[in-house]
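Structure record follows, encoded as structure tokens.
The values are calculated or read from the model by the stated rules, or taken from the named source; none is laboratory data. Just so you know, these numbers come straight off a predicted model, no measurement behind them. No Cβ is skipped: glycine too gets one built from the backbone with ideal geometry, and neighbour counts run over all protein chains shown.
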Amino acid sequence: MKARVRYAPSPTGLQHIGSVRTALFNYLFAKSVGGDFILRLEDTDRTRSSDAYVKNLYDTFRWLGFYWDEGPDVGGPAGPYVQSERFALYREHAQRLVDMDKAYYCFCAEDKAAKKDEAADDDASADAASPSGFGYPRTCRALDPAEAGKRAASGEPHVIRLKIPLDGVTAFDDILLGRIEWKNADVNPDPVLLKSDGFPTYHLANVVDDHLMGITHVMRAQEWIPSAPLHIIMYDAFGWEPPKLCHLPMVLGEDGHKLSKRHGATAVDEFRKKGYLEAALINYVAMLGCSYEDGRDIFSLDDLARLFTMEHINKAPAVFDYVKLEWFNGQYIRMLSDAELVSRITPFMAEAGLVAAEPTEAQAAALLAAAPLVKERLKYLTDAPDALRFLFAEPATPPAAEMLPKKLDAADAARALSAAVGLLRAVDPSDHDACESAFREKAAELGLKLGDLLMPLRVAVTGTKVSPPLFQSIAALGTAKALARAERAVLALLAAAEEGR
Ligand code: GLU
């Protein structure tokens, strides 16, 4: 049977590292076995779902560059893929359970405890299994079904609740965690399946859809484990075979707590804005709790899809390491061609006002010349504007104090910079070795360290003490412009020396 897996987000928040990891593992599993990867929007919680989150979902995955075989945007044989477009199906199935005496009408809606219970069931996961004696007291389970049916048909407000068996055990074999068992007495007593407004809860819609969409494997976060017994009981009640379940290890921050905003960026959008490359993020996220091939770190999406196997998922929680991700990002930046790097940094350069959003021909050429200057150094694409500003904007002449090498005064620095200017007129800045030996010789002649000779020139030309390699930078800028900046800086140093006297 062809494997079919789904990513089933509720559009009630931004896509974050954990959600992308779930989507990615499902995608990789599907691709590794030639199966289908399906997107299903679980928007049953109408108050918390929003179009903005749906848009964020599409934007995120468009950026990451992996796609579903079936989904709301691409269609498919099992659609619609948005739960709010499937409400009639859920009603029909809830009714079917009532007719089979596996579920019952409950009229306790005005009861505060029942209301709370209804809301919680809609919400999510964590409360699905509960200690004995907690939750809805099963009042309406005792009603005569025919009588209850009449009351419901007459329009009396009601919900539909699942009959959790009163004794016995519910169990399943998690692909990763092995056998998981609950005493039915410990399962949330009789969760709501259909709310009083006719909307399904997460549990009903999730089970009905996984079945109707032919889902063979459910891979989802471990926080959903408490929902599993309800789902298994529902599959049993319908007489359906449940999909195989695989609950993925948590993603933690360095301090051992669940990864959250406290640890740093978690929303994928933030990583994009910070200048991460999607391939680096995918590579790193794929490794959160799964291994691929020993002794190797860099994997393309295709590599990952080829190598993925559920056996290599770890049981232990994964720890999100921002430093490691930064390393991956640097590696991926180095792998870009100059032209690719230019197209990646251009939006950030434009945002900083250094080039036009559609760079002019001259800007495009300058960007291409600048790419090799920074490729080996950038940690993030967002570092590019600061590193390359000196090529695209005329820096103000730096204050003299910023151009003073340690232990030298303004008069010494002026002398050093004048000597550097003289040399610069004579050398070809694109010949790094020749430049370096000329400057080295000059430094020895003046009794200076090479660094002290270069430092005022670097600050004068690039406006900063930490720049890309100096001679390459001068070559990219053009000697004439570099000279003009350096000459202005000599004047500033001389003026400071004069003042200091
Ligand atoms: N809608 C649920 C979520 O937001 C899906 C959980 C599941 O995969 O069953 O994560």
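A few comments on the model shown:
- The requirement of being on the phi > 0 side of the Ramachandran plot and without any contact (Cβ under 8 Å) to a residue 24 or more places away in the chain is fulfilled nowhere in segment 465-476; no residue meets it.
- For segment 25-46, filtered to residues that are hydrophobic (A, V, I, L, M, F, W, C), within 14 Å of the ligand (Cβ to nearest atom) and part of a helix (DSSP H, G or I), the residue that is surrounded by the fewest Cβ atoms within 10 Å (Cβ to Cβ) is 29.
- Test for residue 181: is it at pLDDT 95 or above and among the charged types (D, E, K, R): yes
- Failed criterion for residue 185 (all others in (1) assigned to a helix (DSSP H, G or I); (2) crowded, with 17+ Cβ neighbours inside 10 Å hold): (2)
- Segments classed as helices (runs of 4 or more DSSP H), wholly inside segment 363-462, with at least 1 members that are within 30 Å of residue 336 (Cβ to Cβ): 384-392, 432-446, 450-462
- Given (1) surrounded by 14 or more Cβ atoms within 10 Å (Cβ to Cβ); (2) farther than 21 Å from residue 286 by Cα, number of the condition residue 55 does not satisfy: (1)
- Candidates 204, 212, 248, 259 - the one that is touching a strand residue (DSSP E or B) at 6+ places or on another chain (Cβ under 7 Å), closer than 15 Å to residue 90 by Cβ and either in contact (Cβ under 8 Å) with a residue 12 or more places away in the chain or among the aliphatic types (A, V, I, L, M) (or both): 204
- Residues of segment 4-17 that turn out to be out of contact with any helix residue (DSSP H, G or I) (no Cβ under 6 Å at 6 or more places or on another chain), in a loop (DSSP other than H, G, I, E, B) and more than 10 Å from the ligand (Cβ to nearest atom), as a count: 0
- Restricted to segment 336-362, and to residues there that are part of a helix (DSSP H, G or I) and of a type in the set (S, T, N, Q), the residue that is surrounded by the most Cβ atoms within 10 Å (Cβ to Cβ) is 346.
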